[in-house]
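Structure first, commentary second.
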Amino acid sequence: VLASLPLQMMLYFNVYYFPVWCLAEGMMLQLKYHLLPQHYQFLLVAAFLILSLAEGSRLYLGYVGNLQEK
């Protein structure tokens with residue numbers, strides 16, 4: 001199996017930094033949520049959820065795909 005070591009290292013560190021990013025972004029969202037108009041509140045929550053799900057699936061697929069050379 002010939003996996004890309006630099007890609008694997010970046011994915012490995014990103015897996016550990018992703019929860020820190022989620023926590024910091026969630027705390028910032030909570031702090032400014034009540035100061036925003038309702039349509040911005042909806043957009044912020046939707047963007048946060050979409051980005052979190054996309055990043056989680058990107059990390060999983062990258063990790064599995066790199067180890068299986070796909």
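The values are calculated or read from the model by the stated rules, or taken from the named source; none is laboratory data. No experiment lies behind these values; they were computed from the predicted model shown. Don't worry about glycine lacking a Cβ; one is built from the backbone with ideal geometry, like all the others, and counts go over all protein chains shown. Note: accessible area is taken over every heavy atom of the protein model, side chains too, but ligands, DNA and RNA are not part of it. Shrake-Rupley method; radii C 1.70, N 1.55, O 1.52, S 1.80 Å.
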Output for the range 1-32, where each listed residue is open to solvent by less than 50 Å² (accessible area, probe 1.4 Å), part of a helix (DSSP H, G or I) and closer than 30 Å to GLU69 by Cα: GLN8, LEU11, ASN14, PHE18, CYS22
Residues (open to solvent by less than 90 Å² (accessible area, probe 1.4 Å), part of a helix (DSSP H, G or I) and over 30 Å from LEU2 (Cβ atoms)) located in the range 33-70: GLN41, LEU44, VAL45, ALA46, ALA47, PHE48, SER52
